[in-house]
Amino acid sequence: MYIVIAGGGEIGSQIAKALHKDHDVVVVDTNPEVKERLGGLDIQIVTGSITDPEMLREAKVDLCDTFVATTNWDEVNLIACMLAKGLGAKETLCFVGKQSYMDILTDPRTVELLGMRIDQVFWPQRSLAKEIVEVIRVPGAVDTETLAGGRLRFVEYQVREGGPYAGKELALLDWPDGSFMAGILREGRFMAVTDPGFNNLSLEPEDRIFFMTTPGGFDAIQACFAPKSRVRRVMVVGGGNVGYMVAQELLRFRLEVTIIDHSPERCAWLAEQLPGALVLEGDGTDLELLESEGLDQVDAVVAVTENDEKNLLVSLLAKQVGVQKVVTRVNRGENRRLFEHVGIDIPLTPRAAAVREVMDWLAPENVDHLALIEDQVELLEFELPGNFREIPLANLPLPKGAVAVALERGTKVYLRSPQLAVTAGDKLLVLTDRQVSDAVLEQIV
């Protein structure tokens, strides 16, 4: 496919990196530094305004299959998409950051007026908020996904220094029924349970362990990693779109929520919209304020301001007083490693959600990108074609760094087992290192 990406910033760059190997990609941006930053990729870069028709013509938008507007300015993205469609782009994808635009663009009346000038609208902040809520509700986990209509659960845990699993040999560990350990992520490298020599490894502090479970198996795994934990009280620092959506969802699950924001106007709005929450006006980095509101008594802190430095400081303060779970928004992807280095367990960024949504949109109809973990590991789902011949799951020709973890057949789900075979019509779930995901697609699709 020929794809034009309008905006070479955080989201645009990650989408370009994810797509350039399999597609012809052009990035349009006003910043000349984008050419240097993305110079190692096999893409074309056009320097200029994405709302300038001449720049779009130079990028050959009239020939493109997909136009993706990813800048930080909603209005610019909207105009660029409408221009691209007018110039002949087959489909346009638009990123927005404000709920008001999301509401307008998905309103049937707007769609009727605009026609199909904007084919799909993405709102990464909403996906980020959902991810935060899922992580908060599962004590001990650093990531979790509900799959197959609730019949499967994917969950990620971190090995803690001094914890019960640090130093344990993998071959000697016996996990509960209804769970399948798929592999570990160590120092940015995913190792699948089917890789040669995997069982000879011992778990190390900071390793991430991945499980696929049934609902019963999920409860049993939770008992292994968080036997006594239950989240009841949550403090949210930052009352923007993400903070508001997180608080709103947590209240729906009957958790006690305190939300702090520096803006009097925003606090008044939050108090009106979230009557079940305690809304405080103030600086989320003010230790006296945090302590006076019982920071040391909360079960989780969510730092989701639009300032990475403030989020980091809030998170460090929370860790210092012993808060068990700290979830931190990282606005600039290059800061994620820093957050992890200083001990922040769950730094999340909207870009992962953004990349996954675009990859899902562009993927073949029988392939879904269900999760992107640590920007390194993907959970993929394949619906096997009618001419697929039955084969034992263990005999699938998957590359090193990829493992088939489960399948969905009609109304039933099955975790990987030695006896399990996969056949036409099954939905197969594969956990894979992103570096070999293309090989996985070639082998199965």
**Residue match in the range 417-431 (condition: more than 21 Å from the chain's Cα centre (by Cα), open to solvent by less than 20 Å² (accessible area, probe 1.4 Å) and of a type outside the set (A, V, I, L, M, F, W, C))** = yes
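Conditions (1) closer than 20 Å to residue 180 by Cβ; (2) hydrophobic (A, V, I, L, M, F, W, C); (3) in a strand (DSSP E or B), marked per residue:
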position: 360; (1), (2), (3): no, no, no
position: 364; (1), (2), (3): no, no, no
position: 371; (1), (2), (3): yes, yes, yes
position: 387; (1), (2), (3): no, no, no
position: 398; (1), (2), (3): yes, yes, no
position: 406; (1), (2), (3): yes, yes, yes
position: 430; (1), (2), (3): yes, yes, yes
position: 438; (1), (2), (3): no, no, no
position: 442; (1), (2), (3): no, no, no
**Request:** Sort out which residues of the range 225-248 are touching a residue at least 60 places away in the same chain (Cβ under 8 Å), open to solvent by 20 Å² or more (accessible area, probe 1.4 Å) and out of contact with any Leu (no Cβ under 9 Å at 6 or more places or on another chain), and write them in order of number.
**Result:** 225, 229, 230, 240, 241
**Message:** Only one of 355, 367 is open to solvent by less than 60 Å² (accessible area, probe 1.4 Å) and at pLDDT 80 or above. Can you tell me which?
**Reply:** 367
**Message:** As an exercise: evaluate residue 215 against (1) free of Cβ contacts under 8 Å to residues at least 40 places away in the same chain; (2) surrounded by fewer than 22 Cβ atoms within 10 Å (Cβ to Cβ) and give the number of the one condition it does not meet.
**Reply:** (1)
**Request:** Name the single residue, out of those in the range 155-195 being modelled with pLDDT of 95 or more and touching a Leu at 6+ places or on another chain (Cβ under 6 Å), that is least open to solvent (accessible area, probe 1.4 Å).
**Result:** 182
**Prompt:** Hey, among the residues in the range 370-383 that are open to solvent by 10 Å² or more (accessible area, probe 1.4 Å) and among the aliphatic types (A, V, I, L, M), which one's nearest to the chain's Cα centre (by Cα)?
**Reply:** 372
**Subset of the range 257-294 [buried (at least 18 other Cβ atoms within 10 Å of the Cβ), touching a helix residue (DSSP H, G or I) at 6+ places or on another chain (Cβ under 6 Å) and in a strand (DSSP E or B)]** = 257, 259, 261, 279
**Asked** Do any residues in the range 323-348 that are assigned to a helix (DSSP H, G or I) have Cβ atoms under 7 Å from those of residues that are of a type in the set (Asp, Glu), where the two are at least six apart or on different chains, and which pairs are they?
**Response** 333/10; 335/308
**Request:** Of all residues in the range 295-322, count the ones that are part of a loop (DSSP other than H, G, I, E, B) and of a type outside the set (A, V, I, L, M, F, W, C).
**Result:** 5
**Message:** Taking the criterion of being open to solvent by 40 Å² or more (accessible area, probe 1.4 Å), farther than 30 Å from residue 320 by Cα and either touching a helix residue (DSSP H, G or I) at 6+ places or on another chain (Cβ under 8 Å) or of a type in the set (A, V, I, L, M, F, W, C) (or both), would at least one residue in the range 336-350 satisfy it?
**Reply:** no
**Complete:** Checked 80, 89, 84 against criteria (closer than 15 Å to residue 8 by Cβ, in contact (Cβ under 8 Å) with a residue 40 or more places away in the chain and either small (Gly, Ala, Ser) or in contact with a helix residue (DSSP H, G or I) (Cβ under 6 Å, 6 or more places away or on another chain) (or both)); the one match is 80
**Asked** So which residues in the range 77-121 are assigned to a helix (DSSP H, G or I), open to solvent by 50 Å² or more (accessible area, probe 1.4 Å) and at pLDDT 90 or above, if there are any at all?
**Response** 79, 82, 83, 86
**Message:** Conditions first: (1) open to solvent by 30 Å² or more (accessible area, probe 1.4 Å); (2) aliphatic (A, V, I, L, M); (3) modelled with pLDDT of 90 or more; (4) under 30 Å from residue 441 (Cα atoms). Residue 26 passes all but one, so which condition is the exception?
**Reply:** (1)
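The values are calculated or read from the model by the stated rules, or taken from the named source; none is laboratory data. The shown structure was predicted, so the numbers you read here are calculated from the model rather than taken from an experiment. Please note: Cβ atoms are built from the backbone with ideal geometry, for glycine as well, and neighbour counts cover all protein chains shown. All accessible areas refer to the heavy atoms of the entire protein, side chains included, with ligands and DNA or RNA removed. Shrake-Rupley method; radii C 1.70, N 1.55, O 1.52, S 1.80 Å.
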